[in-house]
Amino acid sequence: EIAIVDNSGECQTRNSYRQMLRSLKVRYGARIFYAGLEEKTRFADRLTKSGDLPPEVVMFGLFGLQGEVLAAFGGNRNALLLHTVGEAVFTADDDTVCRVSTAPELSDGLRFSSGCDPLEYRVFADRDDALKNAPSVEKDILAIHETLLGRRLDHIISGLGGAAMEFDRMNSDFLRRLESGSGRVLATINGVVGDCAWGSPFGYWGGPMGYLLFKGNSHERLVESEAAYQAACTSREVFRVVNRPTISDGACSVATSIGLDNRELLPPYTPLGRGLDILFGMNLWKCFENGFLGHVPYALLHAPVENRRFWRGEIFRSASGYDIDKLMIDCINSFEFGPSKADEKERLRALGRYLMELGSMPSRDFQEFLRVRAWRTVSLFIDLMEDRLLSRGGSPQFWADDVRRYIAILRESASRKDYCIPLDLMQQHSASEARDLSQRFVFMFGHLLYWWAG
């Protein structure tokens, strides 16, 4: 069964897609579902009436905030989750190509990883070079995801035979969940060849990611020479993938394609912003005590139609300000569950109530809350970068200079009074409007979490 959810703004474009899909349905005998603006609007109306749901919550979940031009991909993901309740599903962005590549250093066994990015990275000057280093193989990508998706951890481990298990930086929460013996993989992520799908070559959404904080072999390849490093910092062409099947927490959930075990409750996506997959991984890990993420050692091609590159110096852009994704991450990370046991539904409701409380605070109090949380995040991130500089002996110089410059820009930016007003909202709004809108977004996402739990 194939489902397409479409945000195209032109009626003519949507009609052309409907016509094309009818033709494919006849030719291949496939079950194909399509949802454009008209279908999603009717769907929202039926949900509201049949479920006795607040219409503003349903519209927010499927369309985001009315009149906002921020990317609304998360609304499409929520429509897919609602359409596929009770099923395992594989979702892919519209510029993903089913060209499968194997991890270059593929090994047997299973890796467990928490609190860090388990992927290996290679950055290339252009797409041709990336594809040359990631040859395609004849593999069934759905079968690859099914090796982990929806499976209990004890069943995965028992099927290893004599293959090795590797443990990487286990934190206490991860170990506690492993010891419970009831964990299950709720989402699976494959690697990417081609465009990296990042808004910036460096940032700290949810956890550090990006070129400046590559570690191990990824770092050594990046800084092999100054010329290679400078070229990489303007290139979006990567090959990122794990070397063996990996079970992880929500520390790394960036995905242009993902497998979802939607046979039981999953969290909704944030309907606006570009970091929806990061926030989805965070909420899954935070609210689903027995849920894990799985990474498979195969990659798919991410090939946007336009040729994208980072502009020279863009590696410092994420240090200059805040965006709606960072704001949501700081709000969600600030919530802690109490000692009492609760199931996934109650945990989603509890997080939802908390976000609604934040969204209902007096504006001045909310901004002060954000400043404290943002300064904490910035401080921890600067500590991490300084530790990385120390561990590398400040070498090579060209890389270390960029890390120090990033730290300096971040310190200066975070000291501004308006630092916590999202820059992406200020592209279409005044500072005061963007400030109020960001708080409304927090409230509405909390409202969505509460009702999503049923």
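Altogether, the Stokes-Einstein calculation at 10 °C and 1.306 mPa s, with the Kirkwood radius of the range 185-292 over Cα pairs as Rh, returns a diffusion coefficient of 104 µm²/s.
Looking at the chain only, what percent of DSSP beta bridges run antiparallel? Nearest 5 please. Once the DSSP bridges in the chain are tallied, antiparallel ones form about 60 percent. When +1 charges are put on Lys and Arg Cβ atoms and -1 charges on Asp and Glu Cβ atoms, the dipole computed for the chain relative to its Cα centre reaches about 380 debye.
One chain, two ends: S391 and W375. Fully extended at 0.36 nm per residue, the span grows by 3.4 nm beyond their Cα-Cα distance.
When the pairs K286/K341; K286/K326; K286/K345; K132/K215 are compared against a 19 Å limit on Cα-Cα distance, K132/K215 fall above it. A helix-only calculation puts the chain at -14000 deg cm²/dmol for mean residue ellipticity at 222 nm, using -39500 (n - 2.57) for each DSSP H run of at least four residues, averaged over all residues. The simple spin-label model puts a point 7 Å past each Cα toward its Cβ; for S363 and V137 those points are separated by 5.6 nm.
Surface composition of the chain: carbon plus sulfur atoms contribute 52% of the solvent-accessible area (1.4 Å probe, protein chains only, all chains present).
7 Å from Cα along Cα→Cβ at both E56 and S334: what's the point-to-point distance in nm? That separation, rounded to one decimal, is 2.1 nm. The modelled label-to-label distance for the pair S107/N7, using points 7 Å beyond Cα in the direction of Cβ, is 3.9 nm. Surface exposure of the range 185-342, expressed per residue as accessible area with a 1.4 Å probe, stands at 28 Å².
Kirkwood hydrodynamic radius computed over the range 15-141 comes to 19.0 Å, based on all pairs of distinct alpha carbons. Counting only lysines at least 8 places from K25 when in the same chain, those with an alpha carbon closer than 21 Å to its own are K40.
Read through the labelled values (1) 34, 29, 18; (2) 31, 29, 24; (3) 36, 28, 24 and report the label of the one computed as semi-axes √(5λ) of the Cα gyration tensor in Å from the structure. Working out semi-axes √(5λ) of the Cα gyration tensor in Å from the coordinates points to (2).
The values are calculated or read from the model by the stated rules, or taken from the named source; none is laboratory data. These numbers come from a predicted model, not from an experiment. Here Cβ is always computed from backbone atoms with ideal geometry, including for glycine, and neighbour counts include all displayed protein chains. These accessible areas exclude ligands, DNA and RNA; they are computed on the full protein's heavy atoms, side chains included. Shrake-Rupley method; radii C 1.70, N 1.55, O 1.52, S 1.80 Å.
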